[in-house]
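Enquirer: Before I ask anything, here is the structure I am working with.
The values are calculated or read from the model by the stated rules, or taken from the named source; none is laboratory data. All values derive from a computational prediction rather than experimental measurement. Quick reminder, even Gly has a Cβ in these numbers, built from the backbone with ideal geometry, and neighbours come from all protein chains shown. The protein model used for the area step is the full one, side chains on, heavy atoms only, and it has no ligands, DNA or RNA in it. Shrake-Rupley method; radii C 1.70, N 1.55, O 1.52, S 1.80 Å.
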Amino acid sequence: MSSFKKALLILPKYFGYEAEINQQFMRLGYKTDIVFENIEELYYKYRFISRHVPSRRISEFDRYYFNQNIGTNYDVILTIRGSSLFESAIKEIKRNSPNARWYMYQWDSVKNNTNAVKTAEYFDKVSTFDKSDAEKYGWNYRPLFFIKESARDRNRTYDIAYICSLHSQRQKIYKELKMLNDLSCFRYMYSKRLHYIKQKYLKRNRGFIGLNDSDVQFSPLSLYDSNAVMGNSNIILDYTHPNQTGFTMRTIESIGHRCKLVTNNKLALKSDFYRPANVYVYDENNFSISERFLKDEYEVLPEEIYARYSIQQWLMEILDLC
């Protein structure tokens, strides 16, 4: 008989973060199975059904899970986001793993994933990165995590790093950053090619005026390369989507890489990692960064704060292991 505990991970395939989470489970002694839940992004079939045959959405999504060769007798089942996971599929998995502990983590806001509220009752513990959702639904509030750490005791190549996906108003901030000629900036804005062409050339989206084709990358920057850039930058620039109140991955990564943070999220001012020398909140309608903030030296945080935002501590907390 295997001495390994068994875990089922139902999570998005997302820039390599899924592999890092899986690695953490294996370090805890789990043998894992993975099912990707962001099927509308990964497969045209499910995207087509959602848009054009919504009456079949739940039944077809259930069928996806029934066809995944999901095992039995799991000890732990962790669902991240779970936007495509509905009642019938959950009940079938529960029937085959009656003793499993079920955990859900939301790294998106309910405004962007209403299915979380519909399925929350099936989980033993629900955690979220969004403080407002935690208060409204009685869920555990747990911010995101960083993957890598960087020491601060060396010179860094870039004054500012801005790594983002093209949506909401991020292209506006990108254009503002291009105007800061006196700073060394690393800019990388990723978009799916068809999305970019549709928005700029077919819909004539006014937000794309002044954005050159060369500004947009059609392949995402790898997690390894993203961490290498952030670890070599003094400041990470963040744009938080208006539908979210939780801290973005970039915000938490700034902690791990000992970077200063420039963000539009005012909640950062009330966080345990806030220090005036490290965090600057900008007005997205009138973007600027104060000269004093640019010159201030990074203030080292207590070690317990760095530990709290690590991926290891994140997983231990959402699984009730600490």
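Enquirer: Pick out which of 206, 27, 275 has the largest mean-square fluctuation in a Gaussian network model of the chain, springs linking Cα atoms closer than 10 Å.
Expert: Checking each option, the largest mean-square fluctuation is seen for 206.
Enquirer: Give a quick list of chymotrypsin sites (Phe, Trp or Tyr not before Pro) in the stretch 186-243 that DSSP marks as loop, anything other than H, G, I, E or B, with at most 14 other Cβ atoms within 10 Å.
Expert: 218
Enquirer: Here's another thing I want to ask about it. May I ask you to order 283-293, 70-80 by the average number of other C-beta atoms within 10 Å around their residues, highest value first?
Expert: 70-80, 283-293
Enquirer: Sticking with this structure for a sec: Explain nothing, just the number: relative contact order of the chain, from Cα pairs under 8 Å at least 6 residues apart, as a whole percent.
Expert: 15 percent
Enquirer: Bin all alpha-carbon pair distances of the stretch 95-212 at 10 Å intervals from 0 and give each bin's fraction as a whole percent.
Expert: The percentages, shortest bin first, are 10, 25, 25, 26, 12, 2, 0.
Enquirer: In nm, to one decimal, how far is the modelled label at residue 299 from the one at residue 72, with both set 7 Å along Cα→Cβ?
Expert: 5.8 nm
Enquirer: Taking each pair of distinct Cα atoms in the stretch 175-313 once, what is the resulting Kirkwood hydrodynamic radius in Å?
Expert: 16.7 Å
Enquirer: In terms of the ratio Rg/(2.2 N^0.38 Å) built on C-alpha atoms, what value belongs to the stretch 58-150?
Expert: Relative to the 2.2 N^0.38 Å estimate, the stretch 58-150 comes out at 1.15.
Enquirer: Compute the distance from the alpha-carbon center of the stretch 82-117 to that of the stretch 284-301, in whole Å.
Expert: With the stretch 82-117 and the stretch 284-301 each reduced to a Cα centre, they are spaced 40 Å.
Enquirer: When the helices in the chain are scored as -39500 (n - 2.57) per DSSP H run of 4 or longer and the sum is shared across all residues, what 222 nm value do you end up with, to the nearest 500 deg cm²/dmol?
Expert: -8500 deg cm²/dmol
Enquirer: In terms of the Cα gyration tensor, with a ≥ b ≥ c the square roots of its eigenvalues, is the stretch 216-286 rounded because a/c is under 1.5, prolate because a/b exceeds b/c, or oblate?
Expert: It is oblate, given that a/c is not under 1.5 and a/b is not larger than b/c.
Enquirer: Note down, for the chain, the three equivalent ellipsoid semi-axes (square root of 5 times each alpha carbon gyration tensor eigenvalue), biggest first, whole angstrom.
Expert: 35, 25, 17
Enquirer: Could you sort the peptides 45-53, 125-133 by per-residue average Cβ neighbour count (10 Å cutoff), highest mean leading?
Expert: In descending order of packing, they fall as 125-133, 45-53.
Enquirer: Given contacts defined as C-alpha pairs under 8 Å and at least six residues apart, what's the relative contact order of the stretch 1-112, whole-number percent?
Expert: Normalised by residue count, the contact order of the stretch 1-112 is 29 percent.
Enquirer: Give me the percent relative contact order of the stretch 252-321, please, defined on Cα pairs under 8 angstrom at least 6 residues apart.
Expert: Once divided by the residue count of the stretch 252-321, the mean separation gives 32 percent.
Enquirer: Please enumerate, by chain and number, the lysines with C-alpha under 26 Å from the C-alpha of residue 125, excluding those fewer than 8 residues away in the same chain.
Expert: Cross-link targets: 5, 6, 13, 31, 91, 94, 111, 136, 270.
Enquirer: Right, something else. Output wanted: per-residue J couplings in Hz (rounded whole) for the stretch 56-63, from phi through Karplus 6.51 cos²θ - 1.76 cosθ + 1.60, θ = phi - 60°, x for Gly and Pro.
Expert: 9, 4, 5, 5, 6, 5, 4, 4
Enquirer: Which of rounded, prolate, oblate describes the stretch 123-177, given a ≥ b ≥ c as roots of the alpha-carbon gyration tensor eigenvalues and a/c under 1.5 marking rounded, otherwise prolate only if a/b is larger than b/c?
Expert: oblate
Enquirer: To the nearest 10 square angstrom, what accessible area does residue 316 show with a 1.4 Å probe?
Expert: Its accessible surface works out to 60 Å², give or take rounding.
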